[in-house]
Amino acid sequence: MRRLPFLMVLLLVLAMTYSCDRFRQPKLIIFDTICTDTLIGEADQAIYGTIGDKSTMQTLILYTYDDTMVFRLVNPQIIGRYTVGDRVAVVPCGEAMANRVVDITSLMQEWGTRDSLKVPHGFAIEADGKIRAINNNTGRLYHGWELVNGRFVINHNNGKARTDTISDTMDILKLTPDSFVIGDSIHALRYGCIGEKISTSKKKRRR
């Protein structure tokens with residue numbers, strides 16, 4: 001009978017200790033994959049597909065992998081000169097509106113400059129994120145390219161070490177059949193077309 005009060009006091013002490021420890025523990029913040037991508041790196045919100053034949057100056061018909069989408073064009077930033085069947089990246093804005101349209105097909109070219117001997121130097125942008133150096137005289141090694149929200153990202157290193165991969169993200173300031181300009185508000189890199197247009201992968205269209 002005397003042990004009963006002792007056990008009650010012991011249980012009360014343990015309960016108070018547990019409660020205090022709970023308040024002392026820091027809160028755990030758990031991020032899912034989408035949140036982590038948003039915090040660590042810029043998440044790509046663009047939608048990829050091919051231009052439909054019913055597109056107009058005010059409306060863009062986009063054939064995606066498994067759907068047909070319609071976007072209104074209200075003063076969007078058009079990068080490149082897309083035509084029906086071209087593969088594009090559309091950065092949406094609001095309800096069914098396109099904020100930026102990048103013509104991926106126009107990117108598929110050999111870009112660079114020519115030296116005093118008219119020898120071209122640069123890189124070829126190919127399908128599936130592949131990039132190939134052309135007469136590389138800088139020692140730079142290219143690993144790939146991608147678009148993130150309509151901005152051009154190129155992965156490379158300086159050639160001295162194969163582990164120092166750098167990802168440069170730049171705005172596409174100009175894209176025509178003969179000119180490719182990337183950069184930011186401080187500086188720009190200007191390239192011209194030094195080869196023939198590179199064919200893209202087979203386009204998928206929905207009827």
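Some points to look at:
- Across the range 47-105, the fraction of Cα-Cα pairs farther apart than 20 Å, rounded to a whole number, is 7%.
- Between T169 and R190, the FRET efficiency from the beta-carbon distance, with R0 = 25 Å, is close to 0.90.
- Stretchable slack from R132 to T59, in nm (0.36 nm times residue separation minus alpha-carbon distance): 22.8 nm
- T113 paired with N75, simple spin-label distance in nm, labels 7 Å along Cα-to-beta-carbon: 3.6
- Working note: Karplus 6.51/-1.76/1.60 with θ = phi - 60° gives the range 50-61 the couplings 10, 6, x, 6, 9, 5, 10, 5, 9, 9, 10, 9 Hz, where Gly and Pro are set to x.
- Over all directions, the projected convex hull of the C-alpha atoms in the range 106-193 averages 6.2 nm² in area.
- By average C-beta atoms within 10 angstrom, highest first, the peptides 81-88, 127-134: 81-88, 127-134
- Cβ crowding within 10 Å, taken as a proxy for footprinting-reagent exposure, orders L173, L62 from fewest neighbours to most as L173, L62.
Coordinate-derived values only; no laboratory data. Computed from a predicted structure; not experimentally measured. Counting neighbours? That spans all protein chains shown, and the Cβs are built from the backbone with ideal geometry, glycine included.
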